1. Shielding by partners for A:264-272, please: the mean number of other protein chain Cβ atoms within 10 Å of each residue's Cβ.
2. Return the sequence-ordered ³J(HN,Hα) values of the range B:277-294 in whole Hz as given by the Karplus equation 6.51 cos²θ - 1.76 cosθ + 1.60 applied to θ = phi - 60°, using x for Gly and Pro.
3. Place a point 7 Å from the Cα of B:Lys24 along the Cα-to-Cβ direction; which residues of the range B:66-83 have their backbone N under 19 Å from it?
4. Could you tell me the center-to-center distance, by alpha carbons, between the range A:39-86 and the range B:184-205 in angstrom?
5. Could you sort out which of A:Lys165/A:Lys189; B:Lys207/B:Lys327; A:Lys94/B:Lys125; B:Lys189/B:Lys335 sit more than 21 Å apart by Cα distance in this structure?
6. If you scale each eigenvalue of the Cα gyration tensor by 5 and take the root, what three semi-axes come out for chain A, rounded to whole angstrom and sorted largest first?
7. Averaged over B:255-266, how many beta carbons belonging to a partner chain fall within 10 Å of each residue's beta carbon?
8. In angstroms, what radius of gyration and Dmax does the range B:221-350 have, counting Cα atoms only?
Amino acid sequence: MITPELIQALLWGVAYGCIYILLATGLNIIFGVMKLVNFAHGQLLMIGAYIAFTVATVFGLNAYLAILVAMGAVALIGIGVERFTFRKVLGTDKLNEIFVSLGLIYVFENAAVLLWGHTARQIPSPLQGLQLSIGEGLEINDRLLAIVIVIVILVSLFLLLKKTKIGLAMRATSQKSTASMLMGVNIEKVYVFTFALGAALAGASGALYGIIFNFSPTIGALPTIKAFAIIIIGGLGSIPGAIIGGLLYGIAENTAVYFLGGVWRDAIAFALLIIVLVIRPTGIFGEKGE
Amino acid sequence: MNQTLINSLGSIKRKIVNFSRSQKFYLILAAMAIVVILPPFLSNYVVSEVLTPMLIFAIYASSWNLLASSGQGSLGHAAFLGIGGFVSALIAIKLGIPPIIALFLGSLLSSAIGFLIGLTCVRLKAWFLAMVTFGFSVIIVTIFSELDDFTGAIMGFPTPLIVDRGLPFYYMSFAFAAISILAMYLVMKSKIGLAFKAIHQNELEAKMVGINTGKYRLIAFVISTFFAGLAGGLFAQSIRYIHVSVFDPYYSFLPLMMCVIGGLGTIEGPIIGSAIIVTIDSYLPRIDDALHGLVGSIFPAVSNVGPPLRTLGLGLFLLVIVIFAPKGVTPLIKKTYNYLRNSLKEEKSK
């Protein structure tokens, strides 16, 4: 039963999961602090991939340094999005947030088509053509590096949330926004920062996605849903939950593809999501019911 | 249950009597007369490519609107459009049943699947429901494509028609649209519709005053998916050739956009929204070449800037409507109408 191919599928699953963990964590932070679900989050991933692609090909920057550029640029876009769209509808009907996200999806996807065209792209990796073997059967490749980068980003995120003042303010706001407002937290600033942070994570995951996979302007929709599945599996608002959920999800998807075939890839994502929602609506690590 | 039914029927009867005396009634009567009398004088293209889709999408958008009026925003309604379309066509072809009966059987099956999906969805809040309905639509399209030997979904096939395309089909769609929208109107104005509204505003409070929220949300699902299936059956006939692309997310987002632009939660909103979007879709492509000549040189990456630029505009339009006119364009039309009427009255009194 256990074949090298299956192990390969598992490893792929972990790498795959890592990219989704970044995306899901961003979505989760925004949800935790702002109680807002940004359905256009996957489109930020797509924009991040294109920005990294442009920086890497036009300016010849190392693809892994381009990740930082993508994070910064997508964070700026995130600030604009929060300021001009979501802030206007926050606290009104929940359906309005879904409508705004849908409008943003249309805007981002078509802006990407206009700027970069329909052609599938891939960010040229600096590791291309290199054979860096470390021990038997193991070699450094983009997937392994992606796992390392995701770990680094998650550790820095953890430090940001636990050790800095803005992190404290974010945690306070996520618990009770009115009380933290009374304690002198500038809620609007926290919201902008949170959205920019979530967007930056999406930008980073986009750059990693672009190094490993082909991408085109329409790739954003499925990652959003998968990230959503992951935070539901892991539990809303829980970052460790998102990490474990992401790993579980990546592995489940890739082994399922291995056993059942590629056409089921996306349907499996949803089947998993629906099963979790039916059996345990609060997620595996979720604390309180939503 | 019996008592509530009698009460709802009573309230429906009262509403009809009141309504038939109101001015709105005559307005609608006049609009209907125009819609019935005008088409024979229009070109075949306008009737079958613009007016008929408008009616079908008015049913489809109204079904979405009914579900949204209970606070449940579906992002996977294309699943029911597709089920209605495919099943009614398949039944008619494989079992040799008259297409009109197949149309109803397709809608019933869509409604049955809507019931099953609703069972999982009624416990979920806005975002989860949106995701899960989207998820179900992906699962259903996967099933339809996997069972290609039976469904023929990937290659597609011509659909059997109830009546000829053109004017006869237009009048049939009109009859279906009028009956369906009236039915949904009556539901939304009845006690059931009141429960939907209460659930939409605050589910917890609705529960506290004794509304069985799960039951009513499920009712919304069943009614909405029935009419979405009906619209799907008609749509499959109007485009003549059904194909797996009917499950495209585009068709899931379409009714949402129509409702938001026309006015969510109102009966006229989806109709106006459908009229606006279908008109845009049928007439705007004609400016593609002009657009390309105008700004094509700025965006060298695309061969034709028309379609993405138009969709981008649609997205911006949606954002502007949601942020600045959350009730859609209907209040604007009403205001203009009242303004015109008042100024007309002043003219007379002078």
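Every number here is computed from the coordinates shown, using simple stated rules; none is lab data. Source: prediction; values computed, not measured. Don't worry about glycine lacking a Cβ; one is built from the backbone with ideal geometry, like all the others, and counts go over all protein chains shown.
1. Details: counts 3, 1, 5, 10, 3, 3, 11, 5, 1.
That works out to 5 on average.
2. For the range B:277-294, the Karplus curve yields 5, 5, 4, 4, 5, 8, 9, 5, x, 5, 8, 3, 5, 4, 4, 5, x, 6 Hz.
3. B:66-70
4. 43 Å
5. Numbers: A:Lys165/A:Lys189 13 Å; B:Lys207/B:Lys327 26 Å; A:Lys94/B:Lys125 9 Å; B:Lys189/B:Lys335 23 Å.
Cα-Cα > 21 Å for B:Lys207/B:Lys327; B:Lys189/B:Lys335; rest within.
6. On the way: eigenvalues 176, 104, 72 Å².
So the three semi-axes of chain A are 30, 23, 19 Å.
7. Values: counts 0, 4, 4, 0, 2, 6, 1, 0, 0, 4, 2, 0.
Mean partner-chain Cβ count within 10 Å for B:255-266: 2.
8. Here Rg and the maximum Cα pair distance are 19.0, 62 Å.
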